[in-house]
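S.K.: Let me give you the structure first, and then I'll get to my questions.
The values are calculated or read from the model by the stated rules, or taken from the named source; none is laboratory data. The shown structure was predicted, so the numbers you read here are calculated from the model rather than taken from an experiment. Heads up, the Cβs are rebuilt from the backbone with ideal geometry, glycines too, and the neighbour counts pull from every protein chain shown.
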Amino acid sequence: MPTSRQIHTGDLTLHVLDWGGDGLPPLFLLHGLASTCHMFDLIAEPLTARYHVFAPDQRGHGLSDKPSHGYDFETIAADLDKLADALGYAGQPISVAGHSWGAYTALYYAATRPERAVQVVLLDGGIRPLKDLFPTWAEGEIGLAPPPYVNKTVEDIRQLIRDWQGPGYRPETEPLAMTIFDLSDPNQVHARLTRDNNMQISRALWEFRPTDYYARVRCPLLSVNAVNPGETLGEDMLRYAAELETQAADARVVWMHDTIHDIPWHRPAELSAVLAEFLTG
């Protein structure tokens, strides 16, 4: 079981699950937009055989501080630098795996800190430019907006979780997904990430062009992508993957079919095996 820690990084306090592995190289697991560190609960422990594994709640999320600013990629990457330093890895290389928004962050981190990132994993994120989905910000502002979660009870939220996970629903992930929400009032449940902070991240994601960063990544990179149940691999995703493999120095792409976006919850055993093979090199 992990240790729950509050780590002071200077201007921010971040909640971190420390999965242990003293003396081993550090691996940081970065969750996606409006998620929490518990996205990795089902895959973190196997990784402690070779890594000291940390899973933080990123700024604005979970049990971490929630400032009203600082949701651009550079500030989020600097948060990771400061967290690693505060944990005793000042100036040392680190490995990073990110899911969804966390994957875009991991890509940015590897590209802008080539001297520090030694291995990077992108989990169902980091390769699709969101402007392909929403050509204008007027469209993105609608399509990337969070649900309002108004007048929702705990039972309402439980049903929403079952609906959004669909065929990937697993009973053991329901309490993990519930950590996304503040349940202090069971009749007025709301997301821990505020709408304003969510939209700052959404805008940064919409503006992000992955191809601007591929050639700057020098470390080994693994991209693991879900193909939703009942769907086939689209030409657009194949094109994004080809751009990554062509432009990055050492990139590999893996497809997981019949899998929902939340791969660490839906296919933890399969994903753990893929990560173990890559991270142990």
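S.K.: Go through the range 58-113 and count every residue that is polar (S, T, N, Q) and buried (at least 22 other Cβ atoms within 10 Å of the Cβ).
M.R.: The number of residues fulfilling the criteria is 5.
S.K.: Being in contact with a Lys or Arg (Cβ under 8 Å, 6 or more places away or on another chain), without any contact (Cβ under 8 Å) to a residue 40 or more places away in the chain, outside any loop (DSSP other than H, G, I, E, B) and acidic (Asp, Glu): is that true of residue 245 here? Even if it seems obvious, please write down each step before you answer.
M.R.: Values: in contact with a Lys or Arg (Cβ under 8 Å, 6 or more places away or on another chain): yes; without any contact (Cβ under 8 Å) to a residue 40 or more places away in the chain: yes; outside any loop (DSSP other than H, G, I, E, B): yes; acidic (Asp, Glu): yes.
It is true that residue 245 is in contact with a Lys or Arg (Cβ under 8 Å, 6 or more places away or on another chain), without any contact (Cβ under 8 Å) to a residue 40 or more places away in the chain, outside any loop (DSSP other than H, G, I, E, B) and acidic (Asp, Glu).
S.K.: Name every residue in the range 115-133 that is of a type outside the set (Gly, Ala, Ser) and either closer than 11 Å to residue 205 by Cα or under 16 Å from the mean Cα position of the chain (by Cα) (or both), in order of residue number.
M.R.: First pass over the range 115-133, keeping only residues of a type outside the set (Gly, Ala, Ser): 115-116, 118-124, 127-133.
Within the range 115-133, 119, 120, 121, 122, 123, 124, 127, 128, 129, 130, 131 qualify.
S.K.: Moving on. Evaluate the following for residue 246: is it over 19 Å from residue 130 (Cβ atoms) and outside the structural domain of residue 151 (by TED's automatic domain parsing)?
M.R.: yes
S.K.: Scanning the range 128-145 for residues that are part of a loop (DSSP other than H, G, I, E, B) and without any contact (Cβ under 8 Å) to a residue 12 or more places away in the chain, which turns out nearest to residue 103 (Cα to Cα)?
M.R.: Top of the filtered list is 133.
S.K.: Oh, and also: Considering only the range 120-155, how many residues are exposed (fewer than 13 other Cβ atoms within 10 Å of the Cβ) and within 30 Å of residue 189 (Cα to Cα)?
M.R.: Going through the range 120-155 one residue at a time, the tally reaches 9.
S.K.: Are there any pairs, at least 6 apart or on different chains, whose C-beta atoms fall under 7 Å, with the first in the range 227-241 and in the same structural domain as residue 266 (by TED's automatic domain parsing) and on the phi < 0 side of the Ramachandran plot and the second in a helix (DSSP H, G or I) and not basic (Lys, Arg), and if so, which?
M.R.: Correct list of pairs: 229/167; 236/132.
S.K.: To continue, here is another question. Consider only pairs whose beta carbons are under 7 Å apart and that are at least six residues apart or on different chains; among these, list those whose first residue lies in the range 262-281 and is more than 16 Å from residue 100 (Cα to Cα) and whose second residue is surrounded by fewer than 19 Cβ atoms within 10 Å (Cβ to Cβ) and hydrophobic (A, V, I, L, M, F, W, C).
M.R.: These pairs meet every condition: 270/256; 274/254.
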